[in-house]
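Structure, as structure tokens:
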Amino acid sequence: MRVVVCTKQTPSTTAVITVDAEGKVSWDDPGGKPNVVNPWDEYGIEEGIRLKENHGATDVIALSVGGEDSKEALKTSLAMGCTEAVLVSDESMVGSDTLGTARILAAAINKLGDVQIALFGKQAIDGDTGQTAVQAARKLGWTPLTFVSAIKEVGDGSIVVERMLEEGKEIISAQLPVVISVVKEINEPRYPSFMGIRKASRAQIPSWSAADLAIDGGIGAGASKVDWSQVYGIPPREGSVEIIEADTAEEQARILVDKLFEEKVI
């Protein structure tokens, strides 16, 4: 059984985000490392490694879509314990929306072959949509299992998981293959080991292009590219203040009540 862990490199949670007068977004990380593994994805990486340790998975493959700098996130995944890593990078994919990203990931998972479980974090801390996992499942034609807080059993072509819902917990089973998005209650991500870091630093991570995946870029049908470095349509703040003046507080209160009646507030 092969497991794929989909991860993304995102701005550090300690980065200082600023927006200039023209709406341009930038961030400055005083620690000198502006990008990190998406924190939600750390739980997916850990669970993928545990599937190898406890449920007989043969390979745990970290998969990411992004620029060459995204290899740093993949190296972190390898240092934690993933067995392989693959980067999908192509100029035509820059700015893909969630549907486009899902399309790319689904094509890469199909190219890897013999994958039974694809793991995602609950969401990415930059976009915060939480849509990609379900969209990838739709593109793959697999069952999506969302908000998973525990994997109970894996075997005989099926899986049993615990889902965390607003009204409580739910235990469900599904036939493999499946796409799983996990919540933080599922585990405690491990720190990369010293030997893992050394091994990951020497790893040669393959990079696949749109041509390698036989897809024409990453944009979803009917969608347009998104420039996440630019903020659009921020409405100006408008408001007014009227100071009620009177000789006494009681008179001020009477005038205020009259105005509230006039405005039909009370």
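The values are calculated or read from the model by the stated rules, or taken from the named source; none is laboratory data. Computed from a predicted model, the values in this text were never measured in an experiment. Glycine also receives a Cβ, built like all others from the backbone with ideal geometry; neighbour counts cover every protein chain displayed.
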Residue that is touching a strand residue (DSSP E or B) at 6+ places or on another chain (Cβ under 8 Å), at pLDDT below 95 and either of a type outside the set (Asp, Glu) or not in a helix (DSSP H, G or I) (or both), where the choices are VAL60, VAL36: VAL36
Pick from segment 113-129, criterion in contact (Cβ under 8 Å) with a residue 40 or more places away in the chain and of a type in the set (Asp, Glu), ranking: farthest from ILE61 (Cα to Cα): ASP126
Cross-chain or 6+ apart pairs with Cβ under 7 Å, segment 145-165 first and under 13 Å from ARG50 (Cβ atoms), then part of a strand (DSSP E or B) and of a type in the set (S, T, N, Q): VAL148/SER181
Filtered residues of segment 111-124 (kept if more than 16 Å from PHE147 (Cα to Cα) and in contact with a helix residue (DSSP H, G or I) (Cβ under 7 Å, 6 or more places away or on another chain)): VAL115
Complete set of residues in segment 63-105 that are more than 18 Å from the chain's Cα centre (by Cα), part of a helix (DSSP H, G or I) and not acidic (Asp, Glu): LEU78, ALA79, MET80, SER92
Search result, residues across segment 67-119 that are farther than 12 Å from ALA136 by Cβ, of a type in the set (Val, Ile, Thr) and touching a strand residue (DSSP E or B) at 6+ places or on another chain (Cβ under 9 Å): THR76, THR83, VAL86, VAL88, ILE117
Given (1) assigned to a strand (DSSP E or B); (2) aliphatic (A, V, I, L, M); (3) buried (at least 21 other Cβ atoms within 10 Å of the Cβ), number of the condition ALA150 does not satisfy: (3)
Total residues in segment 234-256, condition more than 54 Å from the chain's Cα centre (by Cα), of a type outside the set (Val, Ile, Thr) and in a loop (DSSP other than H, G, I, E, B): 2
Hits in segment 178-202 (condition: of a type outside the set (A, V, I, L, M, F, W, C), in contact with a Ser or Thr (Cβ under 8 Å, 6 or more places away or on another chain) and touching a residue at least 40 places away in the same chain (Cβ under 8 Å)): SER181, PRO192
Members of segment 71-95 found to be surrounded by fewer than 24 Cβ atoms within 10 Å (Cβ to Cβ), of a type in the set (Ser, Thr, Tyr) and closer than 20 Å to ASP126 by Cβ, listed by number: THR76, SER89
Subset of segment 130-142 (residues that are touching a strand residue (DSSP E or B) at 6+ places or on another chain (Cβ under 9 Å) and either closer than 15 Å to ILE171 by Cα or charged (D, E, K, R) (or both)): ARG138
One residue from ALA124, ALA118, ALA108 being hydrophobic (A, V, I, L, M, F, W, C), touching a Pro at 6+ places or on another chain (Cβ under 8 Å) and either within 24 Å of HIS55 (Cα to Cα) or not in a helix (DSSP H, G or I) (or both): ALA118
